[in-house]
Each structure stands twice: as structure tokens, then as C-alpha cells.
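To start, the structure under review is shown below, and the notes come after it.
The values are calculated or read from the model by the stated rules, or taken from the named source; none is laboratory data. Keep in mind that what you see is a predicted model, and the values were worked out from it rather than measured. Neighbour counts run over all protein chains shown; Cβ positions are idealised from the backbone, glycine included.
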Amino acid sequence: MASILKVDTLTGVTTAGSISVTGEGNSTTTNLQQGLAKAWMDLNGSGTIALRDSNNIASVTDNTTGDYTASYTSAMGNANYSALNSTGVTGVITASTRQHTIAAGSYRLEMNETGGAAADSTYVHLGIHGDLA
Amino acid sequence: MASELRVNTLKDAAGNNSIATSFVAGGSAKVWHHYNQSGTLATVDSFNVSSATDTADGTVRTSYTNALANLGYAVSGSHNLPSSNTASWVTGFDNSADFTTGQVSCSTFNAGSGRVDATKSMMAIHGDLA
């Protein structure tokens, strides 16, 4: 029978910040909090930068060409988290991204074209996995 | 006391923001790993990682505590560079014998110098647990 749980907050019983979710194979469990992306964004970094969509991103700063800092609404617990970023530059087949500065409250990344020139990117994608403060 | 809740859909208390629990399980990262490969390999922080092995310049094998169900999972990542360099940089996974349901090797590349050890390498896995 289908069921719906209406709730604003999920909290673990044994440990508040730890809830197990049964995985797709119906046997192994995974940690809900550890697996959730804590922040993500889809940014248009060309011209006047603009977020298309995001979660837990308070603001994005356009530092210079191809160089952006995303600040979190709720900070991470430390700078030990794992960041995933990618880029798409209109008219450029291959582009790449690089971490610049990692902090609990923000993440700075750079974009460039093949050959090394910094480039504003029309698609700046970022995902953050780790521990919230 | 531990408890188990079986439910198909989660909503907020107002009945909005509905999400199926299948999306919660399917959309969560099953592994993430932040490591420093410069010098002696060191895991900075991780989730569902049993061990990490430095197999070559710029290449680290990450093994999982709980295996994935099949090879149809997604690997993504990023890395910094040990020094300033204007060449392009890419994080990729090594599609070799190291790519199994229990482990994957990720490499960090610099267009100017090939595989390089990075001080901040990060990867994550999305897919189905076994």
C-alpha cells in the first residue's frame, strides 16, 4: 500500500545526524545525511552572472574572468568536503575547471578553455558533498 | 531505541515539496572521497570508503566499504594543482581493471605535464548500492 509521510524535519533516533536508508539492492543501507548533496548550483557565468537554480547557495561572486566564489547559506563543518564541478562554454568543445580556494563557508573555482585561457562559462555546475556544520 | 519507518513518499508538514523515497535513496551519493596525493597519500574525509591506494603519479584507487550493484554508476570529481599552471586540468576515472563494483581509480591530469599528484582531489559516486 502506498504511504506518505508528512514531516518538516527528519532526525535520527540513536544519533540525530544519522539516518539509514535502504539501498536499491534492498539489503545494504546507506547514510542519508552523508549521501545528500549539501549544496549545488547551475550558474550562468557569462556577462552578468546569474543563478539558474541552486540549493544552499547564498550568493556567487564574479571575481574575474572565469573565476567565481560560491558562498553557502548554511556553512559546512570544515573544509574537508568533496566538491564536484564542471563547465560548459558556448562554442568551445573542451573546457575545464579547477579548484581555487576551499573554505567551510565558500568554494572558489576557475574555468578555462583548452590551452589555458581563462574563460567565462555559460554553464558552471557545482555539487558539494560533506558534513554540514 | 532504533526504529524503522517504511514509507513511499516524503512531504513537508504542509503537504508540499513531495519526494519519493526512491529519489532519496537513488539520488544520494553512495561514496565521496577527499584526499591529498602529494607525498604520502592521505584521506582528508570520506564516506563509504574502505581504503585508498596510490597506484601511480596522479592516480588513486578508492575502494568502497559497501559495493555498488553494477558498473552503471557515475564517477565525478575535481582537483587543484600543486602549483600555478595555465594549462587545462581534468579529473577523470581510469576505465580499466580497476573499475569494478568495489573500486575505481581516478586520475588528475594537467595538459602541460600529464598526470600530476594533487593536494586536493575530490570524487563522488552516484548509482545503485548492491
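Can you tell me which condition A:Ala37 does not meet? The list is (1) of a type in the set (A, V, I, L, M); (2) part of a strand (DSSP E or B); (3) buried (at least 19 other Cβ atoms within 10 Å of the Cβ), and all the others hold.
Just one mismatch for A:Ala37, condition (2).
Regarding B:Ala42, is this residue surrounded by fewer than 18 Cβ atoms within 10 Å (Cβ to Cβ) and within 7 Å of chain A (Cβ to nearest Cβ)?
Taking the combined requirement at face value, the residue does not satisfy it.
In this structure, is A:Asn63 over 18 Å from A:Ala133 (Cβ atoms), polar (S, T, N, Q) and not in a loop (DSSP other than H, G, I, E, B)?
Answer is yes for this residue.
Here is a check on your reading of the model: is A:Gly77 at pLDDT 90 or above, within 12 Å of another protein chain (Cβ to nearest Cβ) and exposed (fewer than 14 other Cβ atoms within 10 Å of the Cβ)?
Yes.
Take the residues in region B:9-35 that are assigned to a strand (DSSP E or B) and modelled with pLDDT of 95 or more, then tell me which one is farthest from A:Thr29 (Cα to Cα).
Within region B:9-35, the match that is farthest from A:Thr29 (Cα to Cα) is B:Tyr35.
A:Gly35 versus (1) more than 30 Å from B:Asn70 (Cβ to Cβ); (2) modelled with pLDDT of 90 or more; (3) touching a Lys or Arg at 6+ places or on another chain (Cβ under 7 Å): which is the lone unmet condition?
If we test A:Gly35 against (1) more than 30 Å from B:Asn70 (Cβ to Cβ); (2) modelled with pLDDT of 90 or more; (3) touching a Lys or Arg at 6+ places or on another chain (Cβ under 7 Å), just (1) comes out false.
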